[in-house]
C-alpha cells in the first residue's frame, strides 16, 4: 500500500481525500443567487444540442458512420422534433 501523507485522510471508499476538500465543497452547500435567475438562451441551447456520450465515440468507423447518419436524420427532421 502506498504511503499517504499525514495531511490526507481516506473517505468511505478508501480513496485518499486531500486536506482542501472541505474548503472546495463549501460553495455547494450555499444557495447561489445566480441559481434563482433565468437563462433562456442557455436553456434553449441545451435543449437544441445533441449530447453524445464520450464512450460512443470510441467505436469503429462503422459506428461513426451510424452516428453521422443519426445526426443527419435529426437535422433533417428538426422542425418536427421541437
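The values are calculated or read from the model by the stated rules, or taken from the named source; none is laboratory data. Bear in mind the structure is a predicted one, so any value in this text is a computation, not a measurement. Don't worry about glycine lacking a Cβ; one is built from the backbone with ideal geometry, like all the others, and counts go over all protein chains shown.
Could you tell me whether the range 35-48 includes any residue that is in contact with a helix residue (DSSP H, G or I) (Cβ under 8 Å, 6 or more places away or on another chain), surrounded by 10 or more Cβ atoms within 10 Å (Cβ to Cβ) and in a helix (DSSP H, G or I)?
No: the range 35-48 contains no residue that is in contact with a helix residue (DSSP H, G or I) (Cβ under 8 Å, 6 or more places away or on another chain), surrounded by 10 or more Cβ atoms within 10 Å (Cβ to Cβ) and in a helix (DSSP H, G or I).
So which of 4, 26 is exposed (fewer than 10 other Cβ atoms within 10 Å of the Cβ) and modelled with pLDDT under 90?
26
Of everything in the range 52-82, what is at pLDDT below 90 and not in a helix (DSSP H, G or I)? Give them in sequence order.
Matches in the range 52-82: 82 only.
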